[in-house]
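Each value in this text was obtained by applying a stated rule to the coordinates, not by laboratory testing. Everything numeric in this text was worked out from a predicted model, so none of it was measured. Note that we place each Cβ from the backbone using ideal geometry, even for glycine, and neighbour counts take in every protein chain shown.
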């Protein structure tokens, strides 16, 4: 980085007007001679303004800003703690509510069981009654039916005897024989029985 | 052939001084690399040691800055 | 930053490098020499840093809302960041020095970032400024160490865990490194700031190459990309150097509070 200004300053070609005005760290064009950081005549100025700035910043921070931020943070911490406590309360309440709910649920369930059992018993009793009634009716009908069947059977047997007698008389007559009713009756009766 | 021997020497010296920055680069890389290999072995302990890593970086980087400063001084202030 | 072209304009097209012109201290009003109380660009940019501090930490928190606004949460972040650093590195008993360390951090961080604005003057790139900051820390720490521990503070140089024959040698090294502290402390900050800004300026000097010759078609985009990259690095460095300065202050403070290690 061959700054011509440096070389020029070393060789003394710089017009001295700029030097007189701006001091010995700046050449006539306003460029830096050497490192501006090492220019001794600027240091006092920098140190003075640095001291002023630091003192002001320090007082602004220690008097206003830092206590305020600390207060904000503490307040937030307090709010958070309160909120957590409130949340704990609510949680306890929720647990209680859950217990009550479970109890109610269990109660309702046992009630329901009872009702179901009662209803079942009632239904069963009704059913039994109806069954018994139906059985009785069925038995009565059956008996009646059997009686009728017996009557019909008896009627049928009698008819069979008469038909057989008539038929036997007719057959005997047809064969040219003469048969009295009594003999035919006896013969038919013995045959039918046999 | 302008300038003089002093200026030539100063510029050569500035160039040589810049090699010191390479050393600082190696040093910083070494610090961070070792930190990283340690941190990957035990990630839970890494968080607390970040500040130490930065202190180490600062110390080794300072030497590179010194050599840079020497270069600048040779170029602009001699 | 001083005008770049004052020589190039005279001699026609020619590259001009004035990387150090941006660090010149100038009077704000009129011409002439810079006295101790002259209002200069140093005054301007330090005042801007002060205004930024007030804007962030005082005006930003003026609502004191429990649910913070954006700017208030940034202020709280700053507060928490520095406070945690002081507590973690220097210990709980260093908390009375927290406003002092916060002042240093806020001033350096705002100066660094304001210095990154194009055309700005970087107050922290001057060794005079950072040397005052470092000497403040050095004197505070040393005086406070002697005040709290008396001559026992000298125990910081006498490493009792080392073997006895080695101790005088170690003590010599410790004394030297103790007195080098303010030097490295100040030059680290100023050097980082100066280096970054000077490098940006050097690359910026290559940017008008396109007006000079065909090679500029290649060089100009490259230099603009390089400026962007270095600028991004500088944004990082601006914060890290403020952080490093503050954390080293905390480390020195810890040494003074607990000299027997």
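General remarks:
- Residues (within 12 Å of another protein chain (Cβ to nearest Cβ) and over 21 Å from residue B:55 (Cβ atoms)) located in the stretch C:115-138: C:121, C:122, C:123, C:125, C:126, C:127, C:128, C:129, C:132
- Members of the stretch B:1-50 that are over 25 Å from residue C:85 (Cα atoms) and not in a helix (DSSP H, G or I): B:1, B:2, B:3, B:4, B:18
- Taken over the stretch A:57-74, the criterion of being surrounded by fewer than 18 Cβ atoms within 10 Å (Cβ to Cβ) and either in contact (Cβ under 8 Å) with a residue 24 or more places away in the chain or in contact with a helix residue (DSSP H, G or I) (Cβ under 6 Å, 6 or more places away or on another chain) (or both) is satisfied by A:58, A:62, A:64.
- Residue selected from the stretch A:29-64 under the condition at the interface with another protein chain (Cβ under 7 Å from one of its Cβ atoms) and not in a helix (DSSP H, G or I), by the criterion farthest from residue C:54 (Cα to Cα): A:29
- Residues that are at the interface with chain A (Cβ under 8 Å from one of its Cβ atoms) and exposed (fewer than 12 other Cβ atoms within 10 Å of the Cβ) within the stretch C:12-31 comprise just one, C:31.
- All of C:189, C:236, C:172 fail the test of being farther than 23 Å from residue B:25 by Cα and part of a helix (DSSP H, G or I), apart from C:172.
- Pairing each residue of the stretch C:91-111 that is buried (at least 20 other Cβ atoms within 10 Å of the Cβ) with any residue that is outside any helix (DSSP H, G or I), provided the two are 6+ apart or on different chains, yields C-beta distances under 7 Å for C:111/C:122.
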